[in-house]
Amino acid sequence: MENQSQEKVFTPEELEMKRKGQLPKDSFCPRANSIKKLNKIMQELQQKKHAIVLMLDANQSLSECFPGKTIKPYTIEWLRIQRGMDDPFIHLMNSRPNSTTIFPNHDIDFILTHGIDASNISTLSLNSPAVSDHLGIIIDFNLASHFSSTYSNLGTTPTRMLTFGYRRSVETYTSYVCNQVKTHKLIEQTQNLMKKVSKIPWGTFLIKILLN
């Protein structure tokens, strides 16, 4: 039995049909319907040679996709297999995390990729000051290689050079950026963030990304 929270996936039209009794009670599963639509959308994107990074709160663990010996149709793992996508946690770490929320054994958030490789991935133990029971997930992509791949239109676009001939424009823009840094205390905020991040798992890895 699908849980009642899945009703939020109904479209307004489907909710109205349900209210009028025009949808058979046991013949429609909002979650399955959503995954079917996602499958169709991603199939169209793949046919157009798009790279895809799908991030979602699936409200479903990997184990729930295998109620028996075979995969359950229209689950998040079914979608991954249908579209030939990678799960970076499994691809890089050989396993899913114990949890992607502040609760143990509650691994329900997924990042699936197609046509772009991830170099590192990890959950972040610090989710403050966000008011959420989900942990942050950090993922590192090699964008330089992606932009030169067949998946990116940027790979065939001529490089656009910034014009520095207009001195007044350069000085105005530089002044604006410096004022923004000073007004919002961006340097101090960055230093405080780096101190906090260095104390959590994978903190050193995150700092390297920021510095690079």
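The values are calculated or read from the model by the stated rules, or taken from the named source; none is laboratory data. Small disclaimer: the values here were computed from a predicted structure and weren't measured. So basically every Cβ, Gly included, is an ideal-geometry build from the backbone, and we count neighbours across all protein chains shown.
So that you can scan it fast, the table gives a plain yes or no per residue for (1) among the aromatic types (Phe, Trp, Tyr); (2) touching an Asp or Glu at 6+ places or on another chain (Cβ under 9 Å); (3) under 18 Å from residue 36 (Cα atoms):
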residue: 71; (1), (2), (3): no, yes, yes
residue: 77; (1), (2), (3): no, yes, yes
residue: 94; (1), (2), (3): no, no, no
residue: 99; (1), (2), (3): no, yes, no
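Of the residues making up segment 65-85, at least one is of a type outside the set (Lys, Arg), in a loop (DSSP other than H, G, I, E, B), modelled with pLDDT of 90 or more and within 16 Å of the chain's Cα centre (by Cα).
Across segment 63-114, the number of residues qualifying as of a type in the set (Val, Ile, Thr) and more than 26 Å from residue 40 (Cα to Cα) comes to 3. Counting only residues that are crowded, with 17+ Cβ neighbours inside 10 Å and free of Cβ contacts under 8 Å to residues at least 24 places away in the same chain, segment 49-80 holds 2 of them.
Taking the listed residues 121, 116, the one that is in contact with a strand residue (DSSP E or B) (Cβ under 9 Å, 6 or more places away or on another chain), surrounded by 12 or more Cβ atoms within 10 Å (Cβ to Cβ), assigned to a loop (DSSP other than H, G, I, E, B) and at pLDDT 80 or above is 116, with no other qualifying.
For segment 3-49, filtered to residues that are out of contact with any helix residue (DSSP H, G or I) (no Cβ under 6 Å at 6 or more places or on another chain), closer than 29 Å to residue 111 by Cβ and in a loop (DSSP other than H, G, I, E, B), the residue that is modelled with the highest pLDDT is 48.
No other residue among 71, 52, 108, 76 is of a type in the set (A, V, I, L, M) and out of contact with any helix residue (DSSP H, G or I) (no Cβ under 8 Å at 6 or more places or on another chain) apart from 108.
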